[in-house]
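Read-outs: derived from the displayed coordinates by stated rules, not from any lab. All of these numbers come straight from a predicted model, not from anything done at the bench. With ideal geometry, Cβ positions are generated from the backbone for all residues, glycine too; neighbour counts draw on all protein chains shown.
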Amino acid sequence: MAEAVVDLDAIAGNTRLLAATAGPAGMMAVVKADGFGHGAERVAHTALRHGATWLGVASVAEALALRARGLTAPMLLWLYSPAETFEEVLAAGIDVSVGAVEALEALAGAAERTGRVANVHLKLDTGMSRGGAPVEEWAQLFAWARKFSHAGLLHVRGLWSHLANAEDADAPGLRAQLREFELGRETAAAAGLAPPIVHLANSAAALQLPQARYDLLRAGIALYGIEPVPGRNFGLRPAMTVRAPILLTKRVAPGTGVSYGPDFVTERETTLALVPLGFADGVPRQAAGRASLSVRGVRCPIAGRVSMDQIVLDVGDLPVNAGEYAVMFGTGEHGEPTVAEWAGWAGTNPHEILTGIGARVTRRYEH
Ligand SMILES: *Cc1c(COP(=O)(O)O)cnc(C)c1O
């Protein structure tokens with residue numbers, strides 16, 4: 001019933017825009033979390049046909065699943081268990097992010113066992129304090145990487161880091177991270193490493209910070225058409241529309257309680273419309289009271305609490321029939337809400353709205 005219609009032309013256009021922005025640099029299509037909910041395989045094929053040169057995923061399972069589906073493009077993964085043996089990963093020709101000597105050792109071991117050289121991207125923590133080697137460990141990480149590389153077990157293909165706040169070009173922390181990353185490059189060079197692919201930029205940095213582009217952009221949210229820099233429009237096109245048919249309408253009197261609680265009681269005679277989208281489908285409960293869906297291009301507020309599988313819209317006097325669609329979000333061109341608006345209503349970011357769209361919502365693809 002509920003469906004997420006994915007416009008692959010939008011993905012293609014966004015890819016071309018990002019690849020053009022990258023200039024001589026390459027572009028990694030970040031397709032983790034099932035392509036931010038759009039379907040990793042379809043997004044990957046589309047992006048690769050329109051200028052992406054790499055695929056990026058978080059986990060080993062995501063990377064192997066794409067290889068199993070025939071995606072042979074260069075691919076980087078950045079999260080794995082300390083118990084990971086990397087044999088399948090190397091056999092599948094997947095590059096691995098490494099921010100600790102233990103992982104280098106594990107990869108070197110896997111290379112010895114499988115006879116395949118491990119392609120690694122050394123990950124530096126430049127101020128986000130999340131993944132990557134902290135500055136005190138860089139010398140050791142580089143020394144071991146050089147040793148294993150001389151032994152023919154590893155190839156240091158990349159050097160990279162991630163930015164905490166690329167949305168705000170004036171943030172002091174951003175300047176500090178850019179300087180720290182430059183220090184990382186110099187330290188690596190001094191240690192005798194010359195990784196051919198240096199990369200730092202996520203979507204926001206790719207679009208507004210030329211100095212962060214280096215050899216490769218890692219584009220996630222922009223690929224899916226969400227503008228990553230608040231207040232700026234780079235011409236991206238949202239790819240996903242989530243909609244569901246109205247199952248039932250009813251005319252109710254003033255003073256009618258709606259949904260659990262009820263938190264909402266009608267103030268006037270109105271029409272209610274039942275829509276099969278709930279919090280299990282990615283409608284955030286905390287957005288109730290602020291959020292609307294659009295029916296015939298008219299914004300209709302959610303009445304009362306969001307249930308697991310359904311919501312009730314207050315459509316007022318709109319002459320709505322069962323079977324007509326209610327649109328949760330789309331491009332915004334026909335009056336429907338956007339992912340960015342939902343993020344505002346729910347107090348979160350667009351990434352969480354997109355990845356929250358549940359497995360029960362049927363994905364459909366359009367060109
Ligand atoms: C998710 C992710 C990206 C993509 O970030 P966007 O802001 O969505 O472009 C890039 N790099 C890494 C390491 C990521 O985890």
Return the distance in nm (one decimal) between the two label points of a simple spin-label model at residue 147 and residue 308, each offset 7 Å from Cα along Cα→Cβ.
5.4 nm
Relative frequency of Cα-Cα separations exceeding 37 Å in the chain, percent:
30 percent
Of the chain, which part is the longest with no GluC sites (Glu not before Pro) in a loop (DSSP not H, G, I, E, B) and with at most 11 other C-beta atoms within 10 angstrom?
1-266
Once phi is turned into θ = phi - 60°, what whole-Hz ³J(HN,Hα) does the Karplus curve with 6.51, -1.76 and 1.60 give for every residue of the stretch 234-240, x standing for Gly and Pro?
9, x, 7, 10, x, 8, 10
Any idea what % of Cα-Cα pairs in the stretch 240-365 are farther than 24 Å?
20 percent
Place a point 7 Å from the Cα of residue 260 along the Cα-to-Cβ direction; which residues of the stretch 277-314 have their backbone N under 15 Å from it?
277-289, 303-312
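Which number comes out as Rg/Rh for the stretch 294-367 once both Rg and the Kirkwood Rh are worked out on C-alpha atoms?
Rounded to two decimals, Rg over Rh is 0.95.
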Note down the nm distance, to one decimal, between modelled labels 7 Å out along Cα→Cβ at residue 367 and at residue 333.
1.8 nm
Could you point to the residue in 89, 140, 347 farthest towards the positive end of the chain's charge dipole, with +1 and -1 charges on the Cβ of Lys/Arg and Asp/Glu respectively?
89
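Rounded to the nearest 0.05, what FRET efficiency do residue 49 and residue 194 have when you use their Cβ-Cβ distance and R0 = 45 Å?
0.90
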Label points 7 Å out from Cα along the Cβ direction at residue 348 and residue 16: separation in nm?
3.3 nm
Projecting the Cα atoms of 18, 98, 289 onto the charge dipole of the chain, where Lys and Arg contribute +1 and Asp and Glu -1 at Cβ, the residue farthest towards the positive end is 18
Could you pull out every residue, at least 5 positions away or on a different chain, whose amide H is within less than 5 Å of the one on residue 124? Hs are placed 1.01 Å off N in the peptide plane, and Pro or chain starts have none.
133, 160, 161
Anisotropy class of the stretch 8-224 from Cα gyration tensor, a/c 1.5 cut:
oblate
Just name one of 207, 195, 177: the one whose Cα is farthest towards the positive end of the charge dipole of the stretch 172-218 (beta-carbon charges, Lys/Arg +1, Asp/Glu -1).
207
Under the rule of at least 5 residues apart or a separate chain, name every residue whose amide H is placed under 5 Å from the amide H of residue 365.
6
Helix-only mean residue ellipticity at 222 nm for the chain, each DSSP H run of n ≥ 4 adding -39500 (n - 2.57), per residue, nearest 500:
-9000 deg cm²/dmol
